[in-house]
Each structure stands twice: as C-alpha cells, then as structure tokens.
Protein chains: 2
Amino acid sequence: MTQLLRVQNFNVSSDGFGAGEGQSLERPFGHADPATMFAWAGATASWPNRTDPGGSRGLDDYLVRDFHHNIGAEIMGRNKFSPQRGPWRDHEWKGWWGDEPPFHTPVFVMTHHERPSFTLSDTTFHFVGGTPAEVLERAREAAQGKDVRLGGGATVVRQFLDADLVDTLHVAVSPGVKLGSGSRLWESPEELLDRFHCDVVPSPSGVTHHLFWRK
Amino acid sequence: MTQLLRVQNFNVSSDGFGAGEGQSLERPFGHADPATMFAWAGATASWPNRTDPGGSRGLDDYLVRDFHHNIGAEIMGRNKFSPQRGPWRDHEWKGWWGDEPPFHTPVFVMTHHERPSFTLSDTTFHFVGGTPAEVLERAREAAQGKDVRLGGGATVVRQFLDADLVDTLHVAVSPGVKLGSGSRLWESPEELLDRFHCDVVPSPSGVTHHLFWRK
C-alpha cells in the first residue's frame, strides 16, 4: 500500500508566506499573527485545542479533522520545533506544545545538530540530519504503513517539493492577510500546476483551500 | 463524548430525489442512473470499489474518505437493503453488496417484518422495527461510542429529520440530473435552514456539496 507524504492544514498569507520574520519564543510565527491565520480552523468542532463542545461542522471541519486520519509520523523543520538556532544550548526546550503535543506519533525534526530523542505523552521527537529523501525513508518506516505528514514550515515544504517527494498538499490561503516578508511557500500556487492537479475551494469562512495531488 | 447521527455522501438529483421510481433487482435506484449520480465519488482515490491505484485526491476525496471515519454503526431503510416489499419470502437475499459489504460495522435495517440477523465478512445486518428514536438507541449502543451513519434512502432520512434526530448531513446535489419523481429528500435544501447551518460548496467535479450541521 502506498504511503503518501501529505501537507495538511498549512496556512499561508495572500502573498504566500507561512510565517513572518523575527521568530522568537513569544512570537513563533514572527510578525505574522497566528490567531488570524488559524481562525478558520479554530472555529471548527474538530480543532484539537477546543475546550468547549461547540464548533462548526461544515467544509472547514472536514479539512481539520482529516489532520490525523491515517497519519503515522510527522516531519517538521527545526524552526517549527524551536526558535533557537545553531547547536542546542540546553535540552529543556521541548517544543511549543506543552505536555500533550497534538501529534500522537513519532515526529522527525530536521536539524544539523545532534540531540537525543525524547517522548512527551504519545509523541516521540527524533532529531535527524540527512537529505529530505533520507528523512522521509526513516519517517515512512516509523509510520508502519500509514502516511507521513509534512508539517512545515514553508522552507521544509519547499525542500520536499524541490525533491519531488510530496504527494498531496492542503494549503489554506488567507486572502485578508499580507505579510510582505518571512518564510515563503510560493509566489503563486500556479507554480505547482506543472506537477499537481489542484482544486481551489473558497470556504464560507473566508479562506481559500487549495488541494493539490500529483498528476 | 457525543455520538452523532450523520448522513454522508447522500446523492440527490437537482429536483431533490435520492432515487427514481420502479426499484427492481436490476435497478436499485429505479429510473435514476446511479452511475451518473455517483460519478463524482467513483472518480476519487478513496472510492471503496476502486480496483486501480489512481483517482483524484481533491475536495471530493475528502468527502468520500470521511465515510468510515469514526462510524460505529449504520441505519438504513428496507428499500436500501432489498427490492422486496412485505414479509421476507426467502432469506437468500443478503443485500446488493456481495460477500464483502462496504460497511464493516453492525447495520440496522428498518423493517416491520422479522428476520434473523446474519453476518457477511465484518458486517452484521440486524432487522429492526420501532420508532426512529428506538432504532437510533440500539445503533448507538452497537457503535460503542462512535458515531452512527444514517445510510438512507431518502424516506428514512426524512423520518429521522422529522424526529429531529440528525446531527450532520452531507448531501451531494447533481445539477445535471432531474428525476421528476421517486424517493424525495427535499423540495429545496432551504427547508432545513431553520434548524441547520449549511455550507454550500460547489465542487470542481460538478456536484454541489451541501454540508449541514445543527444550529
């Protein structure tokens, strides 16, 4: 059975940035406001951080609740895991997600700097070097037949696109958000149309879902 | 945890019919052509009857692959199970689906006529009388905490809507198909707007998905 590499619920601004500039402990998305860019997802019944029983169950909810379906591992970039750069100064930092990270699978953090694996609840973080193809091979093995999620940021998604390793992408474009600079996914979604089919689906919530799959 | 009652991937013509008139062994949907009405679903990668590895992975595929997610039982009408009417003349008929029915859960067939339960592969069919609320209670118990799918046909969906027991509905409307008569779901989707939110999502494939959830 094919194990796909899937980008899911990845948010970009109208000008194609997944995050702004100046990432810090206080601002994981730099000068971008994640509350605005994730508002469509936060309004759904399936949003993992929801604390009340409400929430919408329309189009956006289908996309949010698919986040976990048939996913056995995640690959993410160093900057999604941490605002630190260079060698790991301490091992106290364990990601932005507290004691219950929302992944529930092995997670492979791409980094040139070694660090021991650790486990929080049912998520284990591994720190791995190597090419995208090598990291994907490790993640596929860990996923035990299920698909692998490519979690971003934009730089990592670009690396895997350039290596032609991505099978499907769901990118939610926020038409009202313009960042000007930061971590760029694309100049335009049309860049991918040589290799991918694309459904462009405007959601009643205001974002425009772009659903790509290989030709 | 709430156990929802969900209508999923239910197809209707532009004039609101889920099936035509004159159901028979050869024509489970009467004078309606299921190949036309299901074409959008059959083109997806997740279509259960697909025999080759291809298929689209855009919007329609999200809806098709959600069919099984978190479903622990199905309720269906007698006419979805069989073209026979009245008392069961023989017990040889075991549904339209062959030795591997696509449900993989307990299925509750609503009928006034008794018949013993039987199992095909991992699907067990039970034949039950009673009100919609009574049947739903049995299905919820069998679903062991998961949601219950309301499988149709249109008459049964209407019964559960009239009893205010339905939590979410996904109805795919085929704009190019007009039936004129048959088993009617609605005159217009607007009939449900007093009780339900609705996302109307035109798919690039041509059908218009209607996604309802309770207000």
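Hey, if we sort B:Ser121, A:Ser46 by accessible area with the 1.4 Å probe, largest down, what's the order?
B:Ser121, A:Ser46
Compute for chains A and B the buried accessible surface, both sides summed, probe 1.4 Å, and express it in Å² to the nearest 100.
Details: alone 10620 and 10620 Å², together 19480 Å².
That pair hides around 1800 Å² of surface in total.
Can you give the net charge of the other residues whose Cβ lies under 12 Å from the Cβ of A:Arg78, counting K and R as +1 and D and E as -1? Could you put the intermediate results ahead of the total?
Values: positive: A:Lys80, A:Arg85, A:Arg115; negative: none.
Residues near A:Arg78 contribute +3 overall.
Identify the residues of the range B:21-42 with backbone N under 20 Å of a label point that sits 7 angstrom from the Cα of B:Ser181 along the Cα-to-Cβ direction, or state none.
B:21-34
Among B:Leu25, B:Leu211, A:Leu120, what's the order by accessible area (1.4 angstrom probe), most exposed first? Before the final figure, lay out each step's value.
On the way: B:Leu25 100, B:Leu211 5, A:Leu120 25 Å².
Putting B:Leu25, B:Leu211, A:Leu120 in descending order of accessible area: B:Leu25, A:Leu120, B:Leu211.
Excluding residues fewer than 8 places away in the same chain, name every one of the aspartates and glutamates whose C-alpha is closer than 18 Å to that of B:Lys215.
Those aspartates and glutamates meeting the cut-off are A:Asp52, A:Asp60, A:Asp61, B:Asp162, B:Asp164, B:Asp167, B:Glu190, B:Glu191, B:Asp194, B:Asp199.
Using DSSP, restrict attention to beta bridges with both residues in the range B:5-214 and report what percent are antiparallel, rounded to the nearest 5. Display every interim value, and only then the final one.
Numbers: 18 of 40 bridges.
Taking every DSSP beta bridge within the range B:5-214, about 45 percent pair in antiparallel fashion.
Please work out the Cα center distance from the range A:142-156 to the range B:27-87, rounded to the nearest Å.
One Cα centre to the other: 30 Å.
Suppose all protein chains stay in the model; what accessible area per residue would a 1.4 Å probe give for the protein assembly as shown, in Å²?
Values: 19480 Å² over 430 residues.
Ligands and nucleic acids excluded, the figure is 45 Å² per residue.
Out of residues 5 or more away from A:Thr105 or on other chains, whose amide H comes under 5 Å of its own, with H placed 1.01 Å from N in the peptide plane?
Amide H neighbours of A:Thr105: A:Thr124.
In the range B:61-84, which residues give up 10 Å² or more of accessible area once the other protein chains are added, compared with their chain alone (1.4 Å probe)?
B:Tyr62, B:Leu63, B:Arg65, B:Asp66, B:His69
With Cβ to Cβ distances under 15 Å as the rule, what net charge do the other residues near B:Gly182 carry (K, R +1; D, E -1)? Intermediate results must be reported in sequence, preceding the final value.
On the way: positive: B:Arg27, B:Lys80, B:Arg158, B:Lys178, B:Arg184; negative: B:Asp15, B:Glu21, B:Asp33, B:Glu187.
It works out to a net charge of +1.
At what distance in angstrom do the alpha carbon centres of the range B:173-194 and the range A:160-184 lie from each other?
The range B:173-194 and the range A:160-184 have Cα centres separated by 38 Å.
Quantify, in whole percent, the carbon and sulfur part of the accessible surface of the range A:50-158 (1.4 Å probe; protein heavy atoms only). All intermediate terms of the calculation are to be shown ahead of the outcome.
Working: 2470 of 5020 Å².
Carbon and sulfur atoms account for 49 percent of the accessible area of the range A:50-158.
What does the charge count around B:Asp162 come to, taking other residues whose C-beta lies under 14 Å from its C-beta (Lys +1, Arg +1, Asp -1, Glu -1)?
Spelling it out: positives minus negatives among the neighbours equals 0.
What are the residues whose amide H is under 5 Å from the amide H of B:Thr44, where those residues sit 5 or more places off or on another chain and H is modelled from the backbone?
Under 5 Å from the amide H of B:Thr44 lie the amide H atoms of B:Ser56, each far enough along the sequence or on another chain.
So which lysines can A:Lys94 reach, going by Cα to Cα under 20 Å and dropping same-chain residues fewer than 8 places off?
A:Lys80
The values are calculated or read from the model by the stated rules, or taken from the named source; none is laboratory data. What you are looking at is a predicted structure, and each value in this text was computed from that prediction instead of being measured. All Cβ positions, even for glycine, are placed from backbone atoms using ideal geometry, and neighbour counts span all protein chains on display. The area values use the complete protein model at the heavy-atom level, side chains included, leaving out ligands, DNA and RNA. Shrake-Rupley method; radii C 1.70, N 1.55, O 1.52, S 1.80 Å.
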